[in-house]
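Asker: Handing you a structure now.
The values are calculated or read from the model by the stated rules, or taken from the named source; none is laboratory data. Quick caveat: nothing in here was measured; it's all calculated off a predicted structure. All Cβ positions, glycine included, derive from the backbone under ideal geometry; neighbour counts span all protein chains shown. Each accessible area value is taken on the protein alone, full model and side chains, heavy atoms only, with ligands, DNA and RNA left out. Shrake-Rupley method; radii C 1.70, N 1.55, O 1.52, S 1.80 Å.
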Amino acid sequence: MSTLLVSQPNFADHVTPQGHPECADRVRAVEDALARDRFDRLIRRDAASGDLTMAELVHDARYMAKLRDARPAEGIGQLDADTFVSAKSLAVAATGLGGALAALDAVLLGEVDNAFCAIRPPGHHAEIATPMGFCLINTVAIAAREAQRKYGAERIAIIDFDVHHGNGTQDIFKGDPSVFYASSHQMPLFPGTGKASETGVGNICNAPLAPNSDGAEMREVYRTRIIPALLNFSPDLILFSAGFDAHERDPLAQLNWNAADFGWLTGKLMDAADRCCGNRIVSVLEGGYDLKGLAGGVSHHVAMLMDGAIGRLDD
Ligand code: ZN
C-alpha cells in the first residue's frame, strides 16, 4: 500500500485551558511516533488551509457565524462545559479540513491507496448546529459530502472507533441512505447517544460496548455486526473517525483495548475496503487523551495502513 500522512502545521494554535485533555501535545505525540524509521515510507504532506465555507456542506450557515462570533480577540472563549475556542481556533480547524480534503483528493485520484490525517481539534461530536465535546466542525462529515459533490461518489461509509459515540455525525446523516455510519463506543459514556436501537433510515449501525470490556468484545462486534453491515452497504470510499481513547490507558473512558487491537481493527477494515472500494480509506484523527496510548494506537493503525501488517514497532 502507499499511505499518505497529512500533518497540520498550525495544530498548536488552537489553545485550550491548562490541563484540558484535548491539547497540542496530542499531535506532538502522534508526530513523534510517526517520525520513527518504521514510518519512513509514508508519503508526507503538510495541510494547507481549507475553505471554511465548505463546512456549510453539513453545518447550518448560522452555526458558522456563531462560531466566528464566539472567537475571542485573545485568550480562550467557552462554547459549552468542555468545548473551547481561541483566537486562531477556526484557522486551525480550516487547516485540519484542508488536510482531510487533500487526503480525500489523493485517495480518490488514485495517487495513494490510503491516508491518515494527524489533525485537531476532533470533529465527530459537532452536530448540524451545535459545537460539542471539544469539536468545532465535523471534518469527517464534510469530507464525506465533498466526496459526493466533487467526485460523484455515491455511497460513503464512515467507521467511527473513537470510544465516544459520534453524535454529530449521526445527527448529520441519520436521514441519508447514501451515507453509512457505524460506531463502536463505550456506553454509558458521553455524549449518551449511540444505542443499538438508533438506526436512522437503516444507515446507522451502533455497537455500544460495556465499560471495562476489552479488545475481545470489540473484535466480536466488528466481526458479527459492523463489518457485515459495511460489506452489505458496499461503499465507494471508507472514512475513519479514528479515535484512540478506547485504549486501556485513556483517562476519559474505561475500555481496555491495547495498541494491537487498533492494528487488528485497521486490518479487518482494510480487508473490507479491498473487497468493496478498491482499498480507498481516509482516516482522520479524532480523540485519544493518554499520550502514550495515543502514540501506540496510532503506530499500529498507520503501520497496518502502510503494510497490511504491523512489523517491528519499538513500543
Ligand atoms: Zn472520544
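Asker: Of the residues 192, 200, which single one is at positive phi and either within 16 Å of the ligand (Cβ to nearest atom) or open to solvent by 50 Å² or more (accessible area, probe 1.4 Å) (or both)?
Answerer: When all the criteria are applied, what remains is 192.
Asker: Report, by residue number, each residue of the range 250-289 that is surrounded by 21 or more Cβ atoms within 10 Å (Cβ to Cβ), within 16 Å of the ligand (Cβ to nearest atom) and over 16 Å from the mean Cα position of the chain (by Cα).
Answerer: Listed by number, the residues that qualify are 250, 253, 255, 257, 261.
Asker: Next question, about the same structure. In the range 48-96, which residues are open to solvent by less than 40 Å² (accessible area, probe 1.4 Å), more than 15 Å from residue 16 (Cβ to Cβ) and of a type in the set (S, T, N, Q)?
Answerer: 95 - this is the single residue of the range 48-96 that is open to solvent by less than 40 Å² (accessible area, probe 1.4 Å), more than 15 Å from residue 16 (Cβ to Cβ) and of a type in the set (S, T, N, Q).
Asker: Being open to solvent by 40 Å² or more (accessible area, probe 1.4 Å), touching a residue at least 60 places away in the same chain (Cβ under 8 Å) and part of a helix (DSSP H, G or I) is the filter here, so list the residues in the range 143-159 that pass it.
Answerer: Matches in the range 143-159: 145, 149.
Asker: Does residue 132 satisfy the criteria of being within 16 Å of the ligand (Cβ to nearest atom), open to solvent by 10 Å² or more (accessible area, probe 1.4 Å), under 17 Å from residue 204 (Cα atoms) and hydrophobic (A, V, I, L, M, F, W, C)?
Answerer: Against the criterion (within 16 Å of the ligand (Cβ to nearest atom), open to solvent by 10 Å² or more (accessible area, probe 1.4 Å), under 17 Å from residue 204 (Cα atoms) and hydrophobic (A, V, I, L, M, F, W, C)), residue 132 does not qualify.
Asker: Follow-up. Let me confirm something: among 242, 253, 216, which residue is in contact (Cβ under 8 Å) with a residue 60 or more places away in the chain and farther than 28 Å from residue 177 by Cα?
Answerer: It is 253.
Asker: Taking residue 237, is it away from the ligand (no atom under 16 Å from the Cβ), touching a Cys at 6+ places or on another chain (Cβ under 8 Å) and open to solvent by less than 10 Å² (accessible area, probe 1.4 Å)?
Answerer: Judged against the criteria, residue 237 is a match.
Asker: While we're here: Which one of these does residue 115 not meet: (1) in contact (Cβ under 8 Å) with a residue 40 or more places away in the chain; (2) in a strand (DSSP E or B); (3) closer than 19 Å to residue 197 by Cα?
Answerer: (3)
Asker: Of these, 156, 142, which one is more than 16 Å from the ligand (Cβ to nearest atom), farther than 23 Å from residue 48 by Cα and of a type outside the set (Gly, Ala, Ser)?
Answerer: 156
Asker: Let me ask something additional. Test residue 110 against the criterion of being within 14 Å of the chain's Cα centre (by Cα) and either at pLDDT 95 or above or open to solvent by less than 30 Å² (accessible area, probe 1.4 Å) (or both), and give yes or no.
Answerer: In short, no.
Asker: Being farther than 17 Å from residue 252 by Cα and either out of contact with any Cys (no Cβ under 7 Å at 6 or more places or on another chain) or open to solvent by 40 Å² or more (accessible area, probe 1.4 Å) (or both) is true for just one of 175, 166, 99. Which residue is that?
Answerer: It is 175.
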